[in-house]
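Down below is the structure, laid out as structure tokens.
The values are calculated or read from the model by the stated rules, or taken from the named source; none is laboratory data. The structure presented is a predicted model; accordingly, all values stated were derived computationally and were not measured. Accessible surface is based on the protein model in full, side chains and every heavy atom, while ligands, DNA and RNA are left aside. Shrake-Rupley method; radii C 1.70, N 1.55, O 1.52, S 1.80 Å.
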Amino acid sequence: MTSIPTTMTAIDPAAPGGPEVLLPVQRPVPTPGPEDVLVRVAAAGVNRPDVLQRLGLYPMPPGTPSIPGLEIAGTIVAVGDAVSRWRPGDQVCALVPGGGYAEYCTAPAGQCLPVPAGMALTDAAGLPETWFTVWSNVVDRGRARSGETILVHGGTSGIGVTAIKLAKVLGLRIIVTAGSPEKTAAALTLGAHAAIDYKSQDFVEEVRTLTQGRGVDLVLDMVGGDYLPRNLKCLAEDGRHVSIAFQRGNTAELDLTAVMRKRLTLTGSMLRPRSIAFKTAIAETLEGAVWPEFESGRLQPVTDRIFPLAEAAEAHRRMEAGSHVGKIILSVTP
Ligand SMILES: NC(=O)c1ccc[n+]([C@@H]2O[C@H](COP(=O)([O-])OP(=O)(O)OC[C@H]3O[C@@H](n4cnc5c(N)ncnc54)[C@H](OP(=O)(O)O)[C@@H]3O)[C@@H](O)[C@H]2O)c1
């Protein structure tokens, strides 16, 4: 077995700033706690919250590592005393509280999942953050049921492509928005039943037409601000509105008449500050309900582009340019 070094290459900006702050530096290899594993990171996923963190705009939960990166895949090299499920040599992907942009990263054992058989580590690294988030918001908070219709904003984002894939597994009718004809075409290829170019079409009118005036049962919203009243117009009776981000502002005007007349539910959540126990429960559910779909080939990961860790700045530039479809990945160690 390879010995574990004391230092490693990581991305750990000294101060907030543009993508240029994402330079490789040397940092100590972290030590796993009793319920953690230490992973030699093969690849790490890039998520929009990493961009917000880099800019100094993310409310970091206390104790979070300053090294960015919320998801990894790689090989376990050490396990804490209380860990029974995993052993050195196991290949896992994991949701981590931070620290993913590095050669080594600790992960709570319960937040690890096996790499689905046959899947590349660079693809597996892009699964945890969006699958944990989308499952918890569409199934648990949004109470999606087979036969219902969902509206997903940002249908080609990392979150959006996962929402399309999960909605297909659940048997939902899927309407998405995206910001260009290329992206609406990509969303249809990925399995959306309808895709609205929100820059050239009024999504409220389009949803009305697509649902024959009935509306959708669920909105998964990452836009917020002035989208909230428009989203409520899209909802059918007993509809659910789930907020996971607010790219157009965290305050919104709310027509209570619509909430009362249609008996709407407004909810939302933020994954990162939730407890390890909560995330462990989602991991167990995903392993039972979703991982077999990956292993059978019925589900496929949607990887946009892979950058070496040293080019993390380029990876962030691509995300901020908004031309990606699906997950941007950092390749860390061979
Ligand atoms: N609550 C949570 O626990 C949680 C967890 C993870 C992520 N998030 C949030 O979820 C969002 C997506 O994350 P990600 O990593 O998947 O990022 P991403 O790939 O960069 O996606 C951002 C998406 O937002 C879309 N968008 C922006 N303005 C829009 C508008 N006016 N109408 C419709 N879509 C719009 C973009 O669509 P176009 O490029 O087509 O314009 C893009 O697809 C981020 O805001 C992130 O902070 C929340």
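Values for this structure:
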{"item": "Heavy-atom accessible area order for I282, I4, I276, largest first, 1.4 Å probe", "result": "I276, I4, I282"}
{"item": "Surface share of carbon and sulfur [accessible, 1.4 angstrom probe, percent] for the range 131-268", "result": "51 percent"}
{"item": "Residue-normalised accessible area of the range 131-268, given per residue in Å² at a 1.4 Å probe", "result": "43 Å²"}
{"item": "Within a Gaussian network of the chain (alpha carbon springs, distance under 10 Å), most fluctuating of G225, G179, G98", "result": "G225"}
{"item": "3J(HN,Hα) from dihedral phi, the range 61-77, Karplus parametrisation 6.51/-1.76/1.60, rounded to Hz, x for glycine, proline", "result": "x, x, x, 6, x, 6, 5, x, x, 9, 7, 9, 9, x, 10, 5, 10"}
{"item": "Euclidean distance of C-alpha centroids, the range 48-91 and the range 185-248, integer Å", "result": "33 Å"}
{"item": "Accessible area of L188 in the full protein assembly, 1.4 Å probe (Å², nearest 10)", "result": "80 Å²"}
{"item": "Where Y227, Y58 fall by accessible area, highest first, once all protein chains stay in place (1.4 Å)", "result": "Y58, Y227"}
{"item": "Gyration tensor verdict on the range 168-217 (Cα atoms; rounded if a/c is under 1.5, prolate if a/b is larger than b/c, oblate otherwise)", "result": "oblate"}
{"item": "Residue-by-residue Karplus 3J(HN,Hα) for the range 172-180, coefficients 6.51, -1.76, 1.60, Hz, glycine and proline x", "result": "9, 8, 10, 10, 10, 10, 7, x, 6"}
{"item": "Cα-only Debye scattering, the range 217-334: base-10 log of I(q)/I(0) at q = 0.11, 0.12 Å⁻¹", "result": "-0.60, -0.71"}
{"item": "Probe 1.4 Å - accessible area at E320, Å² to nearest ten", "result": "80 Å²"}
{"item": "Listed residues I159, I11 arranged by accessible area, highest first, probe 1.4 Å", "result": "I159, I11"}
{"item": "Residue-averaged [θ]222 nm for the chain, counting only DSSP H segments that reach four residues, each worth -39500 (n - 2.57)", "result": "-8000 deg cm²/dmol"}
{"item": "Amide H within-cut-off set for L266, under 5 Å, with H built and near neighbours excluded", "result": "H241"}
{"item": "For C112, distant residues with modelled amide H under 5 Å away", "result": "none"}
{"item": "Hz values of 3J(HN,Hα) by residue in the range 140-156 - Karplus curve (6.51, -1.76, 1.60), Gly and Pro given as x", "result": "6, 7, x, 6, 5, 10, 3, x, 7, 10, 10, 10, 10, 7, x, x, 9"}
{"item": "log10 of Debye I(q)/I(0), alpha-carbon scatterers only, for the chain at 0.15 Å⁻¹", "result": "-1.22"}
{"item": "Rg to Rh, two decimals, where the range 131-268 supplies the alpha carbon set and Rh follows Kirkwood", "result": "0.92"}
{"item": "Other-chain or far-sequence residues with amide H under 5 Å of Y58's (modelled H)", "result": "Q53"}
{"item": "Apportionment of accessible area to carbon and sulfur, the range 11-115, percent (1.4 Å)", "result": "56 percent"}
{"item": "Gain on full stretching of the segment that runs from A120 to F278 - 0.36 nm per residue minus C-alpha separation", "result": "54.2 nm"}
{"item": "Semi-axis lengths (Å, descending) of the ellipsoid that matches the C-alpha gyration tensor of the range 45-122", "result": "24, 15, 9"}
